[in-house]
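The values are calculated or read from the model by the stated rules, or taken from the named source; none is laboratory data. Quick caveat, the model's predicted, so the values are computed rather than measured. All accessible areas refer to the heavy atoms of the entire protein, side chains included, with ligands and DNA or RNA removed. Shrake-Rupley method; radii C 1.70, N 1.55, O 1.52, S 1.80 Å.
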Amino acid sequence: FRGVASAAPVTIVRPARIRAGMGGKPIVFDQKGKGGGEVSLEDAAEVCVRCLGAPPKPGEVLEFDFANGPGAAGQKRDWKGLFGSLDAN
């Protein structure tokens, strides 16, 4: 998608290693390309769906990695804060 002139917004998500199991653990977004960790299939699906509600501006590319972070399951996620911490290129 780089180098292709387009007015359409593009979001590229790179999940950590996907594992079977229940979701609900904290999510961590990263744009430094470190990757690593694991994410449940349920949490990976939720991140992808949430991307639909937080598209970048037309012509921009939003690219990030994500994984489950430390902490207990069941905590309310701050989606606005997670997406607000990302920079589109």
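For region 57-68, 3J(HN,Hα) computed residue by residue from phi via the Karplus equation (6.51, -1.76, 1.60; θ = phi - 60°) reads 5, x, x, 9, 10, 10, 9, 7, 9, 8, 7, 6 Hz, glycine and proline entered as x. Taking Lys34 as the anchor, which aspartates and glutamates have their alpha carbon closer than 14 Å to its alpha carbon, excluding any fewer than eight residues away along the same chain? Filter leaves Glu63, Asp65. Amide H contacts for Thr11 (H built 1.01 Å from N in the peptide plane; partners 5 or more residues away or on another chain; cut-off under 5 Å): Leu62.
Got a sec? What order do Val28, Val10 fall in by accessible area at 1.4 Å, biggest, i.e. largest, first? Show your work: numbers first, answer last.
On the way: Val28 70, Val10 25 Å².
These residues rank, largest area first, as Val28, Val10.
I need the fraction of alpha carbon pairs in the chain separated by more than 24 Å, rounded to a whole percent. Write out the running numbers ahead of the final one.
Working: 743 of 3916 pairs.
Counting every Cα pair in the chain, those more than 24 Å apart make up 19 percent.
Top to bottom by accessible area (1.4 Å), largest first, where do Ile18, Ile12, Ile27 land?
Values: Ile18 85, Ile12 50, Ile27 15 Å².
Largest accessible area first, the list is Ile18, Ile12, Ile27.
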